[in-house]
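Below: the structure, in structure tokens.
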Amino acid sequence: MNFYWVYDLPEWALCALMTMTSIAFSAGGVLVTRGPARRLFGQNGMNDIVSYFLSATGVFYGITLGLIAVGAWQTYTSVTDKASNEAAALATICQDVRLLSDSPTKTKLIQALNKFTRRVIDEDWPLQRKGQIPSGGTDSLESVIQLAVTLDTRTEIDRIVVAEIYARLNILIDLRRLRLESVTAGLPAPLYWVVLIGGLINVSMTWCFVMEKTLPHVFLSGVIGALIGLLIFMVAAMDNPFRGEYSVGPGAFQIVFDRYFSN
């Protein structure tokens, strides 16, 4: 069973879902455990000792969650850079092709580049948002490669430009492969268990306080739950870079299309 369906929700709804669930669990736990906590720790409680342990577990959990968040952010920015660099390589190829002498092959190559760009935007990205690795763009890219190797080199400038096109095509192929490999990139499942179990431990520590009034106890525990829910949301939102509202989009490729093919 997976929970990828959460990425189909709007960002605000996902945030509200995780935060409210955490608050409800934290506050509800106080009501359920209030009696057993009094029997276990006594009517006067052991709040000083509980505070010490809560501080200790909070520090360890905060450091761990911070490192996980940094890892998720680095993955997100890495995928963003790959997509941007791929689009930049494609833009350079389109620009170089325009410098070539007019020929039927040049015209066909421009059409093939147009088709490849649209395919990345219209077909690759919707599949990537679903966690599926697209394969259709491979045919379009192979057409570009086949036409590029048959380009006419009538002048010295043509030969120089074609050599540059070959070099950029190799870069484009490598970057496309890296982008497709990143479709399934995300935090390993054991790290999510660490996040969830760590949050459960910290919340359960708040249930061990013995307080005369129920409402302040529920409120304070709910605040801790809200903070943990927000932190888990932050990690989840940055994880799986192509999924969800906060994800890597095809904007860089759309810029290339608007620049070279929209007219």
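The values are calculated or read from the model by the stated rules, or taken from the named source; none is laboratory data. Predicted model, so just to flag it, every value in this text is computed and none were measured. Every residue, glycine as well, gets a Cβ built from its backbone with ideal geometry; the counts of neighbours run over all protein chains shown.
Within the option set 256, 194, 235, 203, being of a type in the set (Val, Ile, Thr) and closer than 27 Å to residue 87 by Cβ holds for one residue only, 256. Residue selection: residue 95 fails the criterion of being touching a residue at least 60 places away in the same chain (Cβ under 8 Å), of a type in the set (S, T, N, Q) and crowded, with 18+ Cβ neighbours inside 10 Å.
The conditions of being modelled with pLDDT of 85 or more and surrounded by 15 or more Cβ atoms within 10 Å (Cβ to Cβ) are met by residue 90.
The single condition among (1) over 24 Å from residue 76 (Cβ atoms); (2) touching a residue at least 40 places away in the same chain (Cβ under 8 Å); (3) not β-branched (Val, Ile, Thr) that residue 212 does not satisfy is (2). Taken over segment 135-158, the criterion of being within 24 Å of the chain's Cα centre (by Cα) and farther than 18 Å from residue 252 by Cα is satisfied by 135, 136, 138. For segment 122-161, the set of residues classified as surrounded by fewer than 18 Cβ atoms within 10 Å (Cβ to Cβ) and of a type in the set (A, V, I, L, M) consists of 127, 133, 145, 149, 157, 160, listed by residue number. Taking the criterion of being more than 29 Å from the chain's Cα centre (by Cα) and in a helix (DSSP H, G or I), the residues of segment 45-93 that qualify are 47, 48, 49, 50, 51, 52, 53, 54, 55, 56.
Taken over segment 209-263, the residue count meeting the criterion of being under 30 Å from residue 59 (Cβ atoms), among the hydrophobic types (A, V, I, L, M, F, W, C), touching a Phe, Trp or Tyr at 6+ places or on another chain (Cβ under 9 Å) and in a loop (DSSP other than H, G, I, E, B) is 2.
The sole residue among 218, 248, 235 that is among the β-branched types (Val, Ile, Thr), surrounded by 16 or more Cβ atoms within 10 Å (Cβ to Cβ) and modelled with pLDDT of 90 or more is 218.
Would you check which residues across segment 162-172 are among the β-branched types (Val, Ile, Thr) and surrounded by fewer than 16 Cβ atoms within 10 Å (Cβ to Cβ) and list them? Write out each step before concluding.
Within segment 162-172, the subset among the β-branched types (Val, Ile, Thr) is 162, 165, 171.
Matches in segment 162-172: none.
Being part of a helix (DSSP H, G or I), aliphatic (A, V, I, L, M) and closer than 19 Å to residue 147 by Cβ: is that true of residue 197 here? Against the criterion (part of a helix (DSSP H, G or I), aliphatic (A, V, I, L, M) and closer than 19 Å to residue 147 by Cβ), residue 197 does not qualify. Across segment 62-87, the number of residues qualifying as surrounded by fewer than 21 Cβ atoms within 10 Å (Cβ to Cβ) and closer than 29 Å to residue 166 by Cα comes to 6.
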